[in-house]
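A quick write-up on the structure given underneath.
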Amino acid sequence: MVKRRLGKTELMVSEIGFGGEWLERHPEEESVELVRYAGTRGINIIDCWMPDHKSRDIIGKAISGQRERWYIQGHIGSTLKDGQYYKTRDMFYVKPSFEDLLERLGTDYIDLGMIHFVDSGKEWEMIQHSDYLEYILELKAKGTIRHIGISSHNPKVALKAAKTEYIEMILFSINPAFDMLPSSEDINSLFMESFDPALKGIDPDRAELYNTCELNDVGITVMKGFAGGRLFDDKRSPFGAALTPVQCIHYALTRPAVASILCGFDTKEQVDQALKYETATDDEKDYASVIASAPFHSYHGQCTYCGHCKPCPVGIDIAMVNKYYDLAVTQPEVPQSIRSHYDELEHKASECIECRDCESRCPFEVEVAERMKKAADLLEN
């Protein structure tokens, strides 16, 4: 299993992780075995946002005796009230719920302590001056949580977090359908039956979020990478064409700053299906051709770093040049980190001979030669 660095946390996480949401709907012994099986296949990061006792007990039993092999993404503010899930910043609920998480998982620390589910800008601002945040910072100071993250579905809120010094990583919802949608404080907007026909390509707020995370070394773990399975069905997909799990995984893992996509699993077979990504061919990973030829919502003119442009006759890594250009062009001046990464490329944008062979292969009809000129002007001067 390929491991990726999760931003400034420095944790090396498996690029495919385990989203624990569905554990409670199966017999405990079966789910414990499922988590253990995922671990034997190289998965080493698991998300536990769930406040229910069964889910937490399952994870605790599954990692018993091998705690050091797992990175736990544990949520603070996901609680139970009258037996039901209750998101809150009220310390009357928050502290006992977090202590319960530690006890049921059989651990005295959480690797990634998550500020749970913030989609409202007003709520984000409230948190900055709260005893809830003081508690989280205190947990970090004590080593009870090793790193501080946040989960959000709203790119504007996540962007604020990415610019905040104490945030080290973000759990964010990423897939090619959600990436078209404008910012919203209503999570239900992600699951509309139909999308606005005018939506085309990656929403600017989302592009800015991914670029900012890359620049600020804020790692991203991905939730809802399959849009609840909707992208597997051409009748339900907003593109009018079906994608495979491998294609969805590749899309998420090719976004800037992304280290791991957390998949929900019901069975060992589903674990195996996701892990086919590790040995998949370029053709099997190719989401770009599907989206480009889909009946609806084309990404026309936008580079998605898919690599269809290869090979360049002079050896330019076109996708990486485009990525560094996109990261740099939004800044007042080119960040030194981006310039350093660009300088390490063996072949530079200025070496483009304008043969345009790459343009004939690009499924999104990106004007590559023109972008190489712009990249050379920005990154080499």
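The values are calculated or read from the model by the stated rules, or taken from the named source; none is laboratory data. Please read these numbers as outputs of a predicted model, since none were measured by experiment. As a convention, Cβ positions derive from the backbone with ideal geometry for all residues, glycine included, and neighbour counts pool all protein chains shown.
Couple of notes before you dig in:
- Residue satisfying all of: in the range 287-345; part of a helix (DSSP H, G or I), over 21 Å from the mean Cα position of the chain (by Cα) and of a type in the set (D, E, K, R); surrounded by the most Cβ atoms within 10 Å (Cβ to Cβ) among these: R339
- Residue count for the range 42-96, restricted to those that are within 28 Å of V258 (Cα to Cα), part of a helix (DSSP H, G or I) and either β-branched (V, I, T) or touching a residue at least 40 places away in the same chain (Cβ under 8 Å) (or both): 6.
- Members of the range 262-313 found to be over 24 Å from M1 (Cβ atoms) and either of a type in the set (S, T, N, Q) or touching a His at 6+ places or on another chain (Cβ under 9 Å) (or both), listed by number: A288, S289, I291, A292, S293, S298, Q302, T304, C312
- When the test is whether a residue is modelled with pLDDT of 95 or more, more than 26 Å from the chain's Cα centre (by Cα) and over 17 Å from Y305 (Cβ atoms), S360 does not pass it.
- Just one residue in the set V35, V13 is touching a Leu at 6+ places or on another chain (Cβ under 9 Å) and assigned to a helix (DSSP H, G or I); that residue is V35.
- Criterion: of a type in the set (F, W, Y), more than 19 Å from the chain's Cα centre (by Cα) and within 21 Å of G149 (Cα to Cα) - qualifying residue of Y71, Y85, Y37: Y85
- Restricting the first member to the range 312-340 and to residues that are free of Cβ contacts under 8 Å to residues at least 24 places away in the same chain, and the second to residues that are among the hydroxyl-bearing types (S, T, Y), the beta-carbon pairs closer than 9 Å and six or more apart or on different chains are A319/T254; A319/T304; A319/Y305.
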